[in-house]
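Asks: Structure below; questions to follow.
Only the coordinates and a few stated rules stand behind these numbers; no lab work does. All of these numbers come straight from a predicted model, not from anything done at the bench. For neighbour counting, all protein chains shown are included, and Cβ atoms are generated from backbone atoms with ideal geometry for every residue, glycine included.
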Amino acid sequence: MSLSLSLSALFFLVGTASADNVTVGKAAPDFSLQDLDGQTVKLSELKGKTVVLEWFNPGCPYVEYAHADGPLADQAAKVADGETVIWLAINSSAKGKSGSGLDVNKAAAAEWKIDHPILLDEDGKVGRTYGAKTTPQMFIIDAEGLVAYAGALDNAPFGKASGDTKNYVSAALTEMQSGKAVATSETKSYGCSVKY
């Protein structure tokens, strides 16, 4: 995988923060998906924990940058302890589309040293339910099962911020762990379109 792909060759999309089914402050829709080892992960079984959902596509240069050299290279490992915070990547690429397939995702997980589960959503049902438009796109679900944050990872696509760099996910998790309300609970996501 290479970032030599020019931005002009990318299909860049700015998505909406939430869908009709997913609203900050409301219950997150349940889902059940398999990880790369064939283990089933069901959102409702994680109630009581904070869950970070990252829409993922290893064929997307924005995702590649974020995992290879950018904030996602170590962010999940720093916050996801498996007890209080769970980080799940969801790939909604359809079969035959960019970033799809078990082998492609296993190779990306190995290359980028991803330890958290990557869940395959090849029929796109979960992605569409959540209104996922881009990769990366982030949702944080609190211990009560409510959506606490929806939108972009940060304000710096490819590490380039307009003004001060802000990682919205890190800020939201810090506020939640301190018992505070999430100050910026919705933003517009950026990245490649989800390949439904």
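Asks: Taking θ as phi - 60°, what are the ³J(HN,Hα) couplings along segment 142-150 by the Karplus curve (6.51, -1.76, 1.60), each to the nearest whole Hz, with x for Gly and Pro?
Replies: 7, 5, 8, x, 9, 6, 9, 8, 8
Asks: Restricting to bridges with both residues inside the chain, how much of the DSSP beta-bridge set is antiparallel, in percent to the nearest 5?
Replies: If we restrict to bridges inside the chain, about 65 percent are antiparallel.
Asks: Once amide H atoms are built 1.01 Å from N in the peptide plane, which residues 5 or more positions from GLY191, or in another chain, come under 5 Å H to H?
Replies: Amide H neighbours of GLY191, under 5 Å, 5+ apart: LEU13.
Asks: A follow-up question, please. Per q in 0.10, 0.11 Å⁻¹, report the Debye log10 I(q)/I(0) for the chain, using one uniform scatterer on each alpha carbon and no solvent.
Replies: -0.35, -0.43
Asks: Show that you can apply the helix-only estimate: for the chain, add -39,500 (n - 2.57) for every DSSP H stretch of four or more residues, divide by all residues, and state [θ] at 222 nm to the nearest 500.
Replies: -5500 deg cm²/dmol
Asks: Same structure, new question: If you average the alpha carbon positions of segment 157-196 and of segment 103-140, how far apart do those two centres end up, in angstrom?
Replies: Taking the Cα centre of each part, segment 157-196 and segment 103-140 sit 17 Å apart.
Asks: By its C-alpha gyration tensor, with a ≥ b ≥ c as the square roots of the eigenvalues, how is segment 144-189 shaped: rounded for a/c under 1.5, else prolate for a/b larger than b/c, else oblate?
Replies: prolate
Asks: In terms of modelled amide H atoms, which long-range or inter-chain residues lie less than 5 Å from the amide H of VAL41?
Replies: When sequence neighbours closer than 5 places are left aside, the close amide H contacts are LEU33, GLN34, ASP35.
Asks: What number comes out for the charge environment of LEU153, summing +1 per Lys or Arg and -1 per Asp or Glu over other residues with Cβ under 15 Å away?
Replies: -1
Asks: Tabulate in residue order the Karplus-calculated ³J(HN,Hα) for segment 39-54, using 6.51 cos²θ - 1.76 cosθ + 1.60 with θ = phi - 60°, rounded to whole Hz; enter x for Gly and Pro.
Replies: Running phi through 6.51 cos²θ - 1.76 cosθ + 1.60 with θ = phi - 60° gives 7, 7, 10, 10, 4, 4, 6, 9, 4, x, 10, 7, 10, 9, 10, 10 Hz.
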